[in-house]
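Only the coordinates and a few stated rules stand behind these numbers; no lab work does. Values in this document were obtained by computation on a predicted structure and should not be read as measured data. Here the Cβ is made from the backbone with ideal geometry for all residues, glycine too, and neighbour counts use every protein chain on show.
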Amino acid sequence: MLSYIGRRLLIAIPTLIIVSIFVFSLQKILPGDPVLAMAGEDRNPETLEYLREKYRLNDPVIHQYFYWIGGALQGDLGISLRTNQPVTQLIAAKLPVTIQLAIMSMIFAFAIGIPMGILSAVKKGTVLDYVANIVALSGLSIPNFWLGIMLILLVSVNLGWLPASGYEPFFRDPIRSLETMIMPAFVLGTALAATLMRHTRSAMLGVLQADYVRTARAKGLSEKAVILKHTFRNAVLPIVTLSALLFGELLAGAVLTEQIFTIPGFGKLIVDAVFNRDYAVVQGVVLCTAIGFILMNLVADVLYVLLNPRMRQAL
Amino acid sequence: MTLKRLMATLLASAALTGSAMAVDLRIGLQEDPDVLDPDQSRTFVGRIVYTSLCDKLVDITPDLEYVPQLATEWSWSEDGRQLTMQLREGATFHDGTPFNAEAVVANIDRSQNLPESRRQSELASVTGVEATGEYEVVFTLEAPDATLLAQLSDRAGMMISPTAAEEAGLDFGNNPVCSGPYQFVERVQQDRIVLEKFADYWNADNYHFDRVTYLPIPDTTVRLANLQAGDLDMLERLAPSDAPAVQQDESLIYEDIVGLGYQGITVNIDNGPNGDNPFGNEAKLRQAFSLAIDRNAINEVVFQGTASPGNQHVPPSSPWYVQDFPVPERDVEAARALLEEAGVDRMAVEAQVPNNPVQQQMMQMVQAMVAEAGFDLSLKATEFASMLSAQTAGDYQLSQVGWSGRTDPDGNIHQFVTCEGGINDSKYCNEEVDRLLNAARETNEMEERKALYAEAQAILNEDLPIIYLYHPSWIWALDNTIEGFVAYPDGMIRLENVTMAE
């Protein structure tokens, strides 16, 4: 098992290198001069030139890349052009926010998506199934930003139950932290719940037709035992993979949702950084989310093996 | 019985002092400011925070007159090359460093010589600053500079603690130490900036909040929702489309004032090969284009009447506005006639527009209006940083762009239309305009300056390197418990004498 994980991590290295080259070149292709974006309205030519020199923007692109990757290997992702803060510090500040939002969203997604998926598979073809499908489709089709604004108007402005936006670190004030995160997590969670529901449903339907399920029923097991013990456990594999991937995506930041609810996570950081041509921040964040995504992929595969004994022989 | 009463009294007084102690003000900003170092910073929102954090040598009134802040009085020498300032005694920086002439000298030195300083061009005329007494400084200038006081009323005049600046160097912005009514507590990027009252402030009695928190909330709808939900006490830059809703809401207060800036269309006249086309070469065509636009209609439709239609670098309400050239009424016939004079029937032009819905809607109106006069205007929606690059490089024909505005009129015009102007992206060049605008810089006599600007305007009104469209208003929405807020045309939020009713 350990050697499997080790091998997977080794394979991740070339992926990361390709990602870093890709991000770096994309930024250079983007029109817009970072120095112009940071020089201010006056655009004093002397300041522009000084900043170009300072941030090595006059060096050949290849040199710039190696300079950056060299720093990154030593844990130095450079300095934000916009705020003068080290990028690692910025990422360290945003990561807990994004992780908290991701976990809370996943909780919503599981709590809604999986029971709904099971139910609609078991009750296939009934009114319940249709209702669940309609709900899932709506969850997928309603844009996050719209749902977000509607929730703010309803829950915060009209009912006054929750703060409209903002963020409080969990360890400073847990209650307030949950209050501010619950709406954005719900918005993100409903969209994911829809995906989860659809996959749970189809996985369940596949397993429900298996011979061993018929056998289980024939043995006279209760319907509950048949569904939860024999069907769901076998259907859970694709759901685990999907969940890990969805979680990985959440780590990349939920741009629109973070923007609407003013949550200072990765999504907002990267949007602001792109608009300000804050190269170091964009590169740092993308690299970081790529690592997160690769790790989640690995977690999915490991879980897969743990949950499915048959896979162990393949290692 | 007595014990009970005593307890009750104690509890009641504790509750009273409790509520009196915690007067917090929460202000919603449209963007997250950049680095909080007056020498390095460049964003408008950053200046809003500085207004409470960092005192300046001079301040302005809503009518743009200069009033004392850290300098109590000042005088110009006969030849206009020396400015002597008397400084406030008893002012201190937040770290306890006393404010005096030495501090001013150190500050001006940093603004001029720190390589990262964005203030260098603003103080270009200053050749030296000397402490001539503990509370007196003399600025020596290369040539008379009428704009210096305006610069000293903004970031170039903000005084930071020389001790802290020395220690922190370029990282000063992570923990700024100034001498304003509020001192820095903490900042969480893209989330909040917290200031608390500075007890030793020289004018502390007129500042009534114990804590001021700035919360960047970029989405205008969400910002307003926060105010309505009671999570904010005031917000800046309300969207004009929300103005009617706020005006009708009795729990909110609406405030606006026409700003110092403008929005217009910069024409590429001679910036590379793209300027070499009939529209760049023939002033008549630009005049026709300008005449085809109904500026009032744009204001009513896109800005709910909150903006001020304009045709000069300053708004019609400004004392510097040249009344001889009023905002033109739309005249399609006259525009057609000008096209004919130029020997053109119809012509295609392309404008780059920032890719935000308001500017695009505004330019679509322009597009429809000029089409009637004979211009086939195509719009190229461009993300702002890319647009700016294209504009500097001359890679454009027309560019819809604006300027946030400066207190002194020179800041709105000189660098845009003089031959060597730092942000003259049009590359318009006219020696007579240069002479007039330079002369207007070199005298402090308002009437004399106004006459020079009027002469320059007569030429610019014909040549139209920039077709001015309107002057946006600053709009604030406040909770109705807030009293004493005064709108300033520079868009800043000054908290002196602002209170919150219980």
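Calculate the all-directions average of the projected area of the range B:127-167's alpha-carbon convex hull, and give it in nm².
Mean projected area of the Cα convex hull: 3.7 nm².
Rounded to the nearest 10 degrees, the angle from helix B:384-393 to the longest Cα principal axis of chain B is 50 degrees. When the helices of the protein assembly as shown are scored as -39500 (n - 2.57) per DSSP H run of n ≥ 4 and the total is divided over every residue, the value at 222 nm lands at -15500 deg cm²/dmol. A Gaussian network model of chain A, with springs between Cα atoms under 10 Å, assigns the largest mean-square fluctuation among A:169, A:60, A:96 to A:60. Based on every Cα atom in chain A, Rg and the maximum pairwise Cα distance Dmax equal 23.7, 85 Å.
Helix B:446-463 versus the longest principal axis of chain B: what is the Cα-based angle in degrees, 0 to 90, to the nearest 10? That helix lies at roughly 40 degrees to the long axis.
Which one of A:143, A:34, A:45 has the biggest mean-square fluctuation once chain A is modelled by GNM with Cα springs under 10 Å? Most flexible of the set in this elastic network: A:45. Using a cutoff of 8 angstrom between alpha carbon atoms and counting only pairs six or more residues apart, the relative contact order for the range B:100-175 works out to 31 percent. Taking the Cβ of residue B:170 as the centre, find all other residues whose Cβ is under 9 Å away and add up their charges (Lys, Arg: +1; Asp, Glu: -1). Once all neighbours under 9 Å are counted, the net charge is -3. Counted without the sites themselves, the longest stretch of chain A free of trypsin sites (Lys or Arg not before Pro) in a DSSP loop having at most 16 other beta carbon atoms within 10 Å is A:220-315.
Taking the DSSP beta bridges with both ends in chain B, the antiparallel portion is around 75 percent.
Considering only the other residues whose Cβ falls under 15 Å of the Cβ of residue B:301, what net charge follows from Lys and Arg at +1 and Asp and Glu at -1? Once positives and negatives cancel, what remains is 0.
What pairs from A:123/A:224; A:268/B:56; A:123/A:229 go past 24 Å between their alpha carbons? Mind showing how you got there, number by number?
Details: A:123/A:224 13 Å; A:268/B:56 33 Å; A:123/A:229 17 Å.
In this structure, A:268/B:56 exceed 24 Å between Cα atoms.
With the alpha-carbon atoms of the range B:262-471 aligned to their principal axes, the span from lowest to highest coordinate is 45, 38, 37 Å, starting with the largest.
Sorted into 5 angstrom bins from 0, the C-alpha pair distances of the range B:108-219 split as 2, 10, 15, 18, 19, 17, 11, 6, 2, 0 percent. Inter-part distance, the range A:47-109 to the range B:423-502, computed on C-alpha centroids, equals 38 Å.
For the protein assembly as shown, the spread of Cα coordinates along the three principal axes comes to 108, 92, 57 Å, biggest extent given first. The angle between the Cα long axis of helix B:101-113 and the main principal axis of chain B comes to about 40°, on a 0 to 90 degree scale.
The residue among B:218, B:283, B:375 whose Cα reaches farthest toward the positive pole of the charge dipole of chain B, with charges on the beta-carbon of Lys, Arg, Asp and Glu, is B:218. The range A:260-292 and the range B:184-222 have Cα centres separated by 25 Å. I want the local charge near residue B:51. Using Cβ-Cβ distances under 14 Å, sum +1 for each Lys or Arg and -1 for each Asp or Glu among the other residues. Summing Lys/Arg as +1 and Asp/Glu as -1 gives -2.
Would you mind giving the average projected area, over all directions, of the Cα convex hull of the range A:2-73 in nm² with one decimal? Display every interim value, and only then the final one.
On the way: hull surface 24.3 nm².
Averaged projected hull area, Cα only: 6.1 nm².
The alpha carbon centroids of the range B:254-303 and the range B:351-400 are separated by 10 Å.
Over the whole of B:383-394, what's the average partner chain Cβ count within 10 Å per residue? Rounded to a whole number, please. Walk me through the intermediate numbers first.
Values: counts 5, 4, 12, 7, 2, 8, 9, 2, 1, 4, 3, 0.
What the average comes to for B:383-394 is 5.
Computed from the alpha carbon positions, the gyration tensor of the range A:170-242 leads to an equivalent ellipsoid with semi-axes of 36, 14, 9 Å, biggest first. The charge dipole of the range A:187-315, taken about its Cα centre with unit charges on the Cβ of Lys, Arg, Asp and Glu (plus for the first two, minus for the last two), comes to roughly 820 debye. Charges were assigned to the Cβ only: +1 to each Lys and Arg, -1 to each Asp and Glu. The resulting dipole of the range B:146-290 about its Cα centre is roughly 420 debye. How large is Rg over Rh for the range B:227-317, taking Rg from the Cα atoms and Rh as the Kirkwood inverse mean of 1/r across Cα pairs? In the range B:227-317, Rg relative to Rh is 1.15. Of all beta bridges that DSSP places with both ends in the protein assembly as shown, some 75 percent have antiparallel geometry.
Farthest toward the positive end of the dipole of the range A:1-131, out of A:99, A:25, A:36, is the Cα of A:99, where the dipole comes from beta carbon charges about the Cα centre. Please get the size of the charge dipole for the range B:223-281, origin at its Cα centre, with Cβ charges of +1 on Lys and Arg and -1 on Asp and Glu, quoted in debye to the nearest 20. Roughly 200 debye, rounded to the nearest 20.
Span-like helix criteria (full DSSP H runs; alpha carbon extent of at least 24 Å along the helix axis; mean Kyte-Doolittle hydropathy of at least -0.5) are satisfied in chain A by A:2-29, A:87-122, A:174-208, A:233-251, A:279-307.
Which values, in whole Å and largest first, are the semi-axes of the equivalent ellipsoid of chain B obtained as the square root of 5 times each eigenvalue of the Cα gyration tensor? Can you show the working numbers first?
On the way: eigenvalues 370, 178, 70 Å².
In descending order the semi-axes read 43, 30, 19 Å.
In the range A:96-251, a dipole from Cβ-located charges (positive for Lys and Arg, negative for Asp and Glu) runs towards its positive end, and of A:188, A:209, A:126 it is A:209 whose Cα lies farthest in that direction. The value of relative contact order for the range B:262-471, using C-alpha pairs under 8 Å at least six residues apart, is 35 percent.
Comparing A:77, A:48, A:192 in a Gaussian network model of chain A, where Cα atoms under 10 Å apart are tied by springs, the biggest mean-square fluctuation is seen for A:48.
How large is the convex hull of the C-alpha atoms of the range B:55-167 per residue, in Å³?
Working: hull volume 11.3 nm³, N = 113.
Per residue, the Cα convex hull of the range B:55-167 comes to 100 Å³.
The alpha carbon convex hull volume per residue for the range A:163-315 rounds to 157 Å³. A quarter of the convex hull surface defined by the alpha-carbon atoms of the range A:51-170 gives 12.9 nm² as the mean projection.
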